[in-house]
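See below for the structure under consideration.
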Amino acid sequence: MSQEERPEPLDTLPRDLREHLEMEESDEEQDNFQDASGDVPDENMDLQMALADCEMAIKRFFNNDLESAMGIMKSRSSSSIYHSLGVSIFEFIPAVLTLDSAQVGRAIQSLKTTVQLCNQHRRSYTIMQTIGTMITKPNYSTMTDLEAHAELCFAESMLLQAALSVIEGEDIAAFLRATMKIKNSYNTYNVTLLVRRECSRILEKKTWESLESRQHFHSGVRLGLATFNIMIALLPARIITLLEYVGYSGDKEAGLAELQTGAREPGLRGVLCEIVSLGIQLVVSHFAGATPNFHQCREIIDAQLKVYPEGVWFLLFEGRLELLRGRCALAAATYRRVAETRHLWPQLRHLCYWELMWASAMMMDWRTAAEFAGRLIEESSWSRTMYCYAKAALLLQLGEDCTSAERNHVTDLLNAAPLYRQKIAGKSLPMEKWVTKRCARYSAQGGRLMMPAMELLCLWNMMSALAADVPTLQSLLKKIDIASELLDREERLWPSALLADNRALIFYLRGCCLSALGMQLLAIQQFDKVVGLKNTIKSDTFLVPYAMYEAATCHYNLGEVDRAVRMWQDARKGYSNYSLESRLQFRLHSKLEMAQSNAQGQADMSLSAMSRTSSSLKLASKR
């Protein structure tokens with residue numbers, strides 16, 4: 001852009017826009033995008049050149065040169081399937097990070113454009129040929145490399161589009177509609193077969209024009225199959241039943257193994273296999289109550305940080321790894337380092353603040369944690385309801401150290417929190433609905449909440465991460481005992497209708513602490529007390545199934561597997577319509593899958609041992 005075309009001098013523009021323009025000019029001065037400039041006619045952009053551009057964009061992306069990577073993808077997005085898919089992915093990432101409806105809309109539109117472009121390059125069939133493929137296998141030997149990659153990019157685009165449709169639509173009903181669309185539409189049905197069954201046939205039967213083209217295709221197949229398998233397997237049983245009806249099933253272990261293989265083999269999506277693997281283990285699995293494979297995650301992160309020493313994505317996962325291992329100070333240092341990175345997407349900086357809030361809370365540095373919650377209120381629009389409540393809860397956790405000014409601020413925050421409630425997927429967020437109830441509880445209890453910050457730590461499954469930090473757990477346990485004594489001493493100051501709720505919460509929090517300390521029997525006693533109050537709890541009915549889940553986990557850790565499984569099943573089937581139900585359903589499903597997998601593993605080992613014994617006896621008899 002020339003100086004005459006600019007509406008105003010550069011110095012007068014807003015800082016973020018000025019930095020953006022300066023960065024673009026700097027990038028042009030450094031390399032002028034020789035590898036992806038508009039000087040090369042579009043008709044000269046073949047598949048191999050497109051794949052080479054994508055490799056370069058991936059390297060720049062993971063080296064934090066986000067604008068340059070986006071520039072490469074945008075330069076050919078109107079004519080190249082891979083460039084178009086790259087642009088769509090760059091729109092998809094912030095859409096998932098923010099859930100902003102406008103950004104989701106842009107991502108969906110970009111994916112639709114990619115689908116249209118892929119359709120132009122996919123192999124077309126006449127009606128008779130289509131009928132023929134239902135009877136006999138297609139002749140893959142005559143398929144060109146571009147047609148094969150167009151099928152793969154089409155499949156990836158449709159799956160990403162289906163995921164975003166859930167965000168834009170209405171919860172599980174939208175998800176089922178999306179899957180039915182994939183199942184019933186001819187084009188998408190073809191893709192479903194491609195991703196789940198036909199890709200191996202294409203790899204075996206097709207005569208590939210180059211080894212690199214085959215490797216990149218195989219890399220994409222592994223990534224797609226693995227991600228699909230894992231995400232379906234993590235869903236609660238009642239949803240899986242519906243998905244199996246339309247032909248889908250998942251296998252988490254098979255998916256993780258596929259990601260490992262995809263990461264080791266050459267291919268465009270190898271590094272993406274590692275990113276997905278880290279995300280599944282350190283974020284999704286932890287949310288679902290599973291224990292990540294810390295050793296495997298450490299190996300992936302160390303290997304990639306040698307290639308991308310300042311790569312924010314792998315630094316983010318390093319911070320997450322340290323956080324879940326209870327090494328909160330190291331995690332906080334890593335997140336601060338990422339947050340200070342120049343030209344970082346604001347969504348990633350907000351993610352750093354979110355994690356720093358938890359790390360500080362886990363170190364009982366309540367004021368620092370509240371400061372990061374305050375930054376999120378000011379800068380992030382994802383869930384100001386949650387941010388307001390989190391800041392208020394963290395300040396209230398100061399107890400007598402909370403100043404009068406801070407208490408006034410807490411009241412303002414809790415009055416404002418419900419006003420920020422938003423709808424995503426046509427429904428209110430479960431956590432925001434729960435927060436609204438807690439704000440009402442604060443008023444009903446005369447400006448009091450029972451251990452609110454610690455309650456958040458438990459609900460976010462952070463207590464298990466503190467298992468390695470015994471002194472902190474012991475300090476938290478003392479605070480719970482003090483709160484319990486205060487409740488008994490000042491019982492008349494609390495609403496009598498909510499006394500059972502507050503006592504149940506104290507029992508639940510104490511049980512979580514004791515469980516993290518490895519005192520399983522003592523923890524079970526506390527969780528049993530919660531269940532014993534189920535007929536007198538008025539508002540916090542969610543505490544009963546949550547306590548049953550935790551008690552069952554304690555029994556499982558003690559080796560009482562059958563009892564644990566029965567309790568998990570009772571919690572899953574015996575309770576419904578309580579706050580944060582979906583969150584617990586994911587965890588219950590994860591635990592039951594774990595128990596089933598371990599039981600199957602032990603059965604296989606027993607059969608193997610019996611087989612070896614039988615062979616030994618036969619050999620001995622022959623002798």
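The values are calculated or read from the model by the stated rules, or taken from the named source; none is laboratory data. Note that the structure is predicted; figures quoted are calculated from it, not measured. Cβ placement follows ideal geometry from the backbone for every residue including glycine, while neighbour counts extend to all protein chains displayed. To get the accessible areas, we keep the full protein, side chains included, count just its heavy atoms, and leave off ligands, DNA and RNA. Shrake-Rupley method; radii C 1.70, N 1.55, O 1.52, S 1.80 Å.
What is the magnitude of the charge dipole of the stretch 475-542 about its Cα centre, with +1 placed on the Cβ of each Lys and Arg, -1 on the Cβ of each Asp and Glu, and no other charges, expressed in debye to the nearest 20?
Value, rounded to 20: 60 debye.
With every protein chain left in place, what is the accessible area per residue of the stretch 58-98 in square angstrom, probe 1.4 Å? Don't skip to the answer; put the middle values down first.
On the way: 1310 Å² over 41 residues.
Averaged over the residues of the stretch 58-98, the accessible area is 32 Å².
Let me spell out the model: positive unit charges on the Cβ of Lys and Arg, negative unit charges on the Cβ of Asp and Glu, origin at the Cα centre of the stretch 380-437. What dipole size does that give, in debye rounded to 20?
That gives a dipole near 480 debye.
Run through all the Cα pairs of the stretch 390-433 and give the fraction in each 5 Å bin from 0, expressed as whole percent.
For the stretch 390-433, the pair-distance distribution reads 5, 20, 25, 17, 12, 10, 6, 3, 0.
In a shell of Cβ-Cβ distance under 13 Å around G267, excluding G267 itself, what net charge do Lys and Arg (+1) and Asp and Glu (-1) give?
-1
What do you get for GluC sites (Glu not before Pro) in the stretch 330-420 restricted to DSSP loop and a cutoff of at most 12 other Cβ within 10 Å of the site's Cβ?
In loop regions of the stretch 330-420 (DSSP not H, G, I, E or B), the sparsely surrounded GluC sites (Glu not before Pro) are E340.
Go through the stretch 521-605 and name the trypsin sites (Lys or Arg not before Pro) that are in a DSSP coil and have 15 or fewer other Cβ atoms within 10 Å of their Cβ.
Here the sparse-neighbourhood loop sites are K538.
What is the sum of charges, Lys and Arg at +1 and Asp and Glu at -1, for the other residues whose Cβ falls under 13 Å from the Cβ of F294?
With Lys, Arg at +1 and Asp, Glu at -1, the net is 0.
Of all the accessible heavy-atom surface of the stretch 419-518, with the other protein chains kept in place and a 1.4 Å probe, what percent is carbon and sulfur?
The computed percentage sits at 53.
Students often check this: by mean Cβ neighbours within 10 Å, which of 521-527, 408-414, 225-231 ranks highest, and how do the rest follow? Can you show the working numbers first?
On the way: 521-527: 19.7, 408-414: 18.0, 225-231: 22.1.
Top of the packing list down: 225-231, 521-527, 408-414.
Net charge around A467, counting only other residues with Cβ within less than 13 Å of its Cβ (Lys, Arg = +1; Asp, Glu = -1)?
+1
Given the alpha-carbon gyration tensor of the stretch 314-409, what are the semi-axes of its equivalent ellipsoid in whole angstrom, ordered largest first, with each equal to the square root of 5 times an eigenvalue?
Each semi-axis is the square root of five times an eigenvalue, giving 24, 16, 9 Å.
Calculate, in whole percent, how much of the Cα-Cα pair population of the stretch 276-320 lies beyond 18 Å.
On the way: 220 of 990 pairs.
The share of Cα pairs beyond 18 Å in the stretch 276-320 comes to 22 percent.
Any chance you could look up the accessible area of H218 with a 1.4 Å probe, heavy atoms only, rounded to 10 Å²?
Here the residue's solvent-accessible area equals roughly 40 Å².
Could you pull the accessible area for V531 with a 1.4 Å probe, rounded to 10 Å²?
Using a 1.4 Å probe on the heavy atoms, I get roughly 40 Å².
Whole-Å semi-axes of the stretch 371-457's equivalent ellipsoid, largest first, each the root of 5 times a Cα gyration tensor eigenvalue?
Over the Cα atoms of the stretch 371-457, the ellipsoid semi-axes are 21, 14, 11 Å.
Loop-only GluC sites (Glu not before Pro) in the stretch 445-536, please: DSSP not H, G, I, E or B, and at most 13 other Cβ atoms within 10 Å.
E490
What does the charge dipole of the stretch 285-351 about its Cα centre add up to, to the nearest 20 debye, if the Cβ of each Lys and Arg holds +1 and the Cβ of each Asp and Glu holds -1?
140 debye
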